[in-house]
Amino acid sequence: MGLTKTIIPMRPTENEIRITLILKDDERPDLGAGMQIVIDKTFTENVPSGEVMSEKTEKEFTIKAQKAIDYYKTIRSRYEAVYGDKISKIDSALKL
């Protein structure tokens, strides 16, 4: 499974900061050829106006983003377990 991740900092507001997690997978033929976006999720944390990101907030962002990645990997492994290489075998067996 070829996964790539990108974290994008969003413009902070008066009392919250946000990051967006983009996760791409290059092994999702059900979504199309090549790298496909499988997660595009924004996480938000409240912070007092004018303050920088604390270590606690950094840890909260990390935990939330990692949970999203782990959930996707679980779903992806279920997909692989159900279908395995059977879809390509069915495709190869069909005559046009």
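See the values below:
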{"read-out": "Residue that is farthest from PRO9 (Cα to Cα), among those in the range 20-60 that are without any contact (Cβ under 8 Å) to a residue 24 or more places away in the chain, surrounded by 10 or more Cβ atoms within 10 Å (Cβ to Cβ) and of a type in the set (A, V, I, L, M)", "value": "LEU31"}
{"read-out": "Failed condition for THR13, given (1) closer than 23 Å to GLY2 by Cα; (2) surrounded by 12 or more Cβ atoms within 10 Å (Cβ to Cβ); (3) not small (Gly, Ala, Ser)", "value": "(1)"}
{"read-out": "Residue match in the range 40-53 (condition: under 13 Å from the mean Cα position of the chain (by Cα) and under 30 Å from ILE87 (Cα atoms))", "value": "yes"}
{"read-out": "Any hit, the range 61-83, residues being modelled with pLDDT under 95, assigned to a strand (DSSP E or B) and either of a type in the set (S, T, N, Q) or surrounded by 12 or more Cβ atoms within 10 Å (Cβ to Cβ) (or both)", "value": "no"}
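The values are calculated or read from the model by the stated rules, or taken from the named source; none is laboratory data. Not measured: the values here are computed from a predicted model. Heads up, the Cβs are rebuilt from the backbone with ideal geometry, glycines too, and the neighbour counts pull from every protein chain shown.
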